[in-house]
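Below is one structure, written out as structure tokens; comments come after it.
The values are calculated or read from the model by the stated rules, or taken from the named source; none is laboratory data. If you're wondering where the values come from, they're calculated on a predicted model, not measured in any experiment. In this analysis, Cβ positions are derived from the backbone assuming ideal geometry, glycine residues included, and neighbour counts consider all displayed protein chains.
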Amino acid sequence: MQLLFHRVDLRLNHTFTIAHDSRDVQPTLIVELRDGQYSGFGEATATRYYGITIDGMVAALEAIRSHIETYSLTDPATFWADTQPYLAQNPFALCALDQAAWDLWAKRKKQPLYKLWSLNPADNPLTDYTIGLDTPERMVEKMQERPWPIYKIKLGRPEMDLMLVSALRQHTDAVFRVDANCGWSAVDTVSKSRELRELGVEFIEQPLPADDWDGAKMVYQQSVLPIIADESCIVESDVDRCAGFFHGVNIKLTKCGGLTPARRMIMRARELGLRVMVGCMTESSVGISAIAQLLPLLDYADLDGAMLIANDPARGVTFNYGKLIYAAENGTGVNLL
């Protein structure tokens, strides 16, 4: 296999603001594994919050180039297990490599990846569309630009949050999900859950700081809305820890290291009775198409990353009013433009 890198600056349609970050451009790394006949693609974004840079991911992968290029790829899960020790400190790089391996393997098999996993997409959940934190007027404008059945609303300003959701509710009957990105207290969350339920909110994602387990227990017991872990659920071992503190988990492939561990996390969450969501990190169609292979296993999906950017460098899965449409291609269905 030949290892190649594609660095891309994804331009966002709107300034994207959450409780701890704001950006207009999202740098991303697309990893390609080429075997002469087929190319497999994977992706991971740079993330200031987690200290992940494009240069850091490239350096981590370059350090094991010989391991990658001489590996006989017969089973991507085994490839992940053999490679993870080298990339344990950079799960984002591992994720991009793992996605590319699964894509290449499935293209060699001449089938879509979800079919090789024996998954049935007939009942795939709809994906939400994210409205970044902004003024009420701008958030309404963003929502009206893309009519959608489910909106994920970024919050995190405790004094304004209920007003923002109420303002948006006046313009749509769509389902709302709210994501506070660690911006609330336990008392605030319990109190807000009652009013948010009246405003048609389905669940609250990560309202408390990731390490506030005492607060999480209180919220889990007292909130009238389900609470979904995000920053509190990063790696496989976190799934067990979230049981009894959250009603569900949001799995991010870049954080856990790819499709291989994400599948195990989903299975473990099911065993523990947790609801399962998979989200994205504003990836292009490369990353979104890889994540989409997991859709038949999920309760909730947050796969709108490619819809938030103006210069998607790839062609893959598409969406029609929340419904995912798989590309007529093998593997994860993605090709670079």
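General observations
- So Leu94, is it modelled with pLDDT of 95 or more, touching a strand residue (DSSP E or B) at 6+ places or on another chain (Cβ under 8 Å) and among the hydrophobic types (A, V, I, L, M, F, W, C): no
- The set of residues in the range 246-288 that are over 18 Å from Ala81 (Cβ atoms), of a type in the set (S, T, N, Q) and assigned to a helix (DSSP H, G or I) comprises Thr254, Ser285.
- From the options Phe41, Phe79, residue that is at pLDDT 95 or above, under 20 Å from the mean Cα position of the chain (by Cα) and over 30 Å from Leu133 (Cα atoms): Phe41
- Residue match in the range 6-15 (condition: part of a strand (DSSP E or B), touching a helix residue (DSSP H, G or I) at 6+ places or on another chain (Cβ under 6 Å), among the aliphatic types (A, V, I, L, M) and buried (at least 21 other Cβ atoms within 10 Å of the Cβ)): no
- For the range 289-337, no strands (runs of 3 or more DSSP E) sit wholly inside it while including 2 or more residues that are among the charged types (D, E, K, R) and over 19 Å from Tyr151 (Cβ atoms).
- Identity of the residue in the range 261-311, surrounded by fewer than 24 Cβ atoms within 10 Å (Cβ to Cβ) and of a type in the set (S, T, N, Q), that ends up nearest to the chain's Cα centre (by Cα): Thr282
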